[in-house]
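*Asks:* I'd like to ask some things about the structure below.
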Amino acid sequence: MLSEVDIFIAMELYPWTLKRTKLKAKGFISHKDRYSDGELGIWFTDRLVGEPEDIKPEIKMVTMEVPEDDITQYEESNEGSRYRAFRIPASVANQYELQFPTLYIDRGIFKLIPF
């Protein structure tokens, strides 16, 4: 007899950071929204946004794999865009493992190298 197994659809999300070392050590830090009483979530997208050649060297890539059901409530409306965006609270984002790949750029070829 087959048993039921929880199946989830994992999404790979992409936030960017200037402080990779601090993020590795402490995770995402919560910030208050200056326009409301709420928490300002961390902005994630489901694909790389913008052109890779426009990425400044000091900006570092971070990836995170998350079950889609865990984050749909944080999705922002982005009609007309070709990506999905999420404002995920730091307390939620910190529950998942972060990866810190290197963006390899050579003669117009862009590749994420996992580390």
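*Asks:* Quick one: how many residues across the range 52-103 are touching a Leu at 6+ places or on another chain (Cβ under 8 Å) and free of Cβ contacts under 8 Å to residues at least 12 places away in the same chain?
*Replies:* 0
*Asks:* Across the range 90-107, which residue is modelled with the lowest pLDDT among those that are within 16 Å of E68 (Cα to Cα) and part of a loop (DSSP other than H, G, I, E, B)?
*Replies:* E97
*Asks:* Additional query: Tally time: how many residues in the range 82-94 are loosely packed, with under 12 Cβ neighbours inside 10 Å and within 15 Å of K26 (Cβ to Cβ)?
*Replies:* 0
The values are calculated or read from the model by the stated rules, or taken from the named source; none is laboratory data. If you're wondering where the values come from, they're calculated on a predicted model, not measured in any experiment. So basically every Cβ, Gly included, is an ideal-geometry build from the backbone, and we count neighbours across all protein chains shown.
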